[in-house]
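Undergrad: First, the structure itself, so that you have it in front of you.
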Amino acid sequence: MYPNLYYVFKDWFGVEIEGLRFINCFGFFVAIAFIIAAVILSKELQRKSGQGFFQPTEMQIMVGEPAKFSDLLLNFLLGFLLGYKILALFLLNKSVTHDPQAFIFSSNGSWPAGIVLGLLFAGLKWWEKKKNLLPKPEKRTVRIWPHDRVGEITILALVFGLIGAKIFNSFETWDSFVKDPVGNFFSAEGLTMYGGLICAALAIWWYAKRHKISFWHLNDAAAPALMIAYAVGRIGCQVAGDGDWGIFNSAYTVNENAKIVAAQPGDFENKLKQYPDYFIRNFDSLSNVPVANFKKPGSLNFLPNWMFAYHFPNNVNKEGIPLPNCKEEHCNYLPSPVFPTSFYETIACSIFFFILWGVRKRIKIPGALFGLYLMLNGFERFFIEKIRVNSTMSIFGLRMTQAELISFLLFISGLLIWIILSRKRRMKTT
């Protein structure tokens, strides 16, 4: 596992670059996911604009004005924040920055770096305005197409996605949240995908309505982008070992060299007895430990064992027991291997992306492609939850996880969207 890019470069190239410790692999892949989604969304919006489904909006802007105080202040604050936190990671003592995620969400930082970078950002803004200064500023009308707004849409999705992910995670981990609400909400750990999806969707719906962007066509354009973004994001979960793994697979075990091998009868029970503190800490009692037994079929013997059971060595959460002969910061692994559900979700969602991409031009009913996305997304997540570790709740006497409930509702919503929009289309054509 690679909790940050330092481990990647050390393992792949034998190079140790201390600065790479500050780039978390999960965050790196989330950033890649947003970039890929933005590119795909932009291309789809352009294609739909060419088909006449979108119209531009006009906006008046002032050209040739000097820099306003508000512009300079905003750029100073942005530069100050980046300097105070990001530059500080490279400048301050390691005793303060040894845990980059905790440092980012703390009050610690470098005031000199913040002030210098803030002044630099403000100065660049002033210089940019000075270069374009006109003797007499003039008002111009510009036409803005939906694909010109992809940057704004992406930022909205990022900000409200993170807020929603933290809010819904608070509901999933309610006991720990009520003990320390502020600490839990502003920690770098704990993100619930569906919370991010719901809150981001509401923000984008408001944005689309404000700028008169066709709601259903926008959703259809976003459907493939959302699916592939989720697939790429799950690579980050798998690579970093952030806790999004499944239940234990007793068909395999971890040997004394921390390698995955086929288990012998009684191996899992022996692990429970050998490491009771770990299992009780995570599952309250040894009788509550979720486990299944699945060995890869003989026809798939060519596949590595980790695809069926993985112990997540060097995981970013520092979960498990110590790795032998490891002196790094992240030196733990799971005492018994689990199903690598993040890997399964990456495979499933990649397949679903190609399905959506393949049928996007064939489905003519606006909104139907988005309905199909909701059904595929809900289907995938509902069944992956069967082998994932998550807190359950009681709904009408049924025990289910928050993700199971939301994925079920997403599937039903997608099905209803498909049926209702199809009926409306048939009524218009008859």
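The values are calculated or read from the model by the stated rules, or taken from the named source; none is laboratory data. Here the structure is a predicted model, which is why all the values come from computation and not from measurement. In this analysis, Cβ positions are derived from the backbone assuming ideal geometry, glycine residues included, and neighbour counts consider all displayed protein chains.
Undergrad: Among (1) at pLDDT below 95; (2) outside any loop (DSSP other than H, G, I, E, B), there is one condition Thr253 misses while meeting the rest; what is its number?
TA: Against the list (1) at pLDDT below 95; (2) outside any loop (DSSP other than H, G, I, E, B), Thr253 comes up short only on (1).
Undergrad: Does Gly195 meet the test of being in contact with a strand residue (DSSP E or B) (Cβ under 8 Å, 6 or more places away or on another chain), farther than 26 Å from Trp145 by Cβ and not β-branched (Val, Ile, Thr)?
TA: no
Undergrad: Here's a follow-up. Name the one entry in Lys85, Lys129, Lys125 that is modelled with pLDDT of 90 or more, crowded, with 18+ Cβ neighbours inside 10 Å and not acidic (Asp, Glu).
TA: Just a single option satisfies the conditions, and that option is Lys125.
Undergrad: Please determine, by comparing only the residues of the stretch 391-411 that are at pLDDT below 75 and among the hydrophobic types (A, V, I, L, M, F, W, C), which one is surrounded by the most Cβ atoms within 10 Å (Cβ to Cβ).
TA: Filtering first and then ranking leaves Met393.
Undergrad: Would you be able to tell me the number of residues in the stretch 132-145 that are part of a loop (DSSP other than H, G, I, E, B) and surrounded by 10 or more Cβ atoms within 10 Å (Cβ to Cβ)?
TA: Applying the first criterion (part of a loop (DSSP other than H, G, I, E, B)) to the stretch 132-145 yields 132-137, 145.
With the extra rule that they be surrounded by 10 or more Cβ atoms within 10 Å (Cβ to Cβ), the set shrinks to 132-134, 137, 145.
Counting residues in the stretch 132-145 that are part of a loop (DSSP other than H, G, I, E, B) and surrounded by 10 or more Cβ atoms within 10 Å (Cβ to Cβ) gives 5.
Undergrad: In the stretch 348-366, how many residues are of a type outside the set (A, V, I, L, M) and either under 21 Å from the mean Cα position of the chain (by Cα) or within 20 Å of Glu380 (Cα to Cα) (or both)? So that I can check it myself, show each step before the final result.
TA: Let us first name the residues in the stretch 348-366 that are of a type outside the set (A, V, I, L, M), namely 349-350, 352-354, 357-358, 360-362, 364, 366.
From the residues that got through so far, the ones that are either under 21 Å from the mean Cα position of the chain (by Cα) or within 20 Å of Glu380 (Cα to Cα) (or both) too are 349-350, 352-354, 357-358, 360.
Here the count works out to 8.
Undergrad: Can you tell me which of Lys130, Lys48 is in the same structural domain as Arg21 (by TED's automatic domain parsing) and touching a residue at least 12 places away in the same chain (Cβ under 8 Å)?
TA: Going through Lys130, Lys48 in turn, the sole match is Lys48.
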